[in-house]
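Chemist: Below you'll find the structure I mean.
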Amino acid sequence: MGELTNLEFLDRQEITNLLFEYCAALDCMDLPRLSALFTADCEVDYGPDPILQSRGAADLEKSLERMWRWSRTSHHLSNVQIKFCGENEAIGCSYVYAWHERPDGTIATILGQYHDRFIRGLAGWRIAKRRMVMNGCNADFTVNINRLERVTPPVDWVPPDMDAQT
């Protein structure tokens, strides 16, 4: 990886802070604060069901009202990767661990990734496009999030017997 310029370092930190702010706003259910992190014409795709897709920040804010069904949530972000595609555009991938508690006390968790396109405007960096994919979840997480597509093993691959007693 090449050397980062001071501006690239600052931009990378601003984008990372934007991602962290998304998690904080979502956990507080401060939807106006959250939608302000996106461009006015953003495209957001959490899953194949129409209720999980939004076009525009106002639509996203309305769509995320569904999160009120959880009594508490906690979103944790890591593995932030950012690639600049010019002075005012970047793409990124970050991993999310999201814990959700229902009013009855049951817990639903998901491990996933946010695949984002960022645009820098007058207000700074904003998320212009987001697609979430799920790496895994516990049995109590039932939302139809896009599944991560993995590379398939070679045709001649034989799995090791990991459960064999030695």
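Throughout, read-outs are computed from the coordinates displayed, never taken from laboratory work. All of these numbers come straight from a predicted model, not from anything done at the bench. Virtual Cβ from ideal backbone geometry, glycine too; neighbours counted across all protein chains shown.
Chemist: Which one is right for this structure if percent of Cα pairs over 19 Å apart is calculated from it: (i) 60; (ii) 56; (iii) 64?
Modeler: Calculated percent of Cα pairs over 19 Å apart: the matching label is (i).
Chemist: What's the magnitude of the charge dipole for the chain around its Cα centre, counting Lys and Arg as +1 and Asp and Glu as -1 at the beta-carbon? Answer in Debye, nearest 20.
Modeler: Charge dipole of the chain: 320 debye, to the nearest 20.
Chemist: Okay, moving on. Neighbour counts of other C-beta atoms within 10 Å: give me F20, F84, F9 arranged from fewest to most.
Modeler: F9, F20, F84
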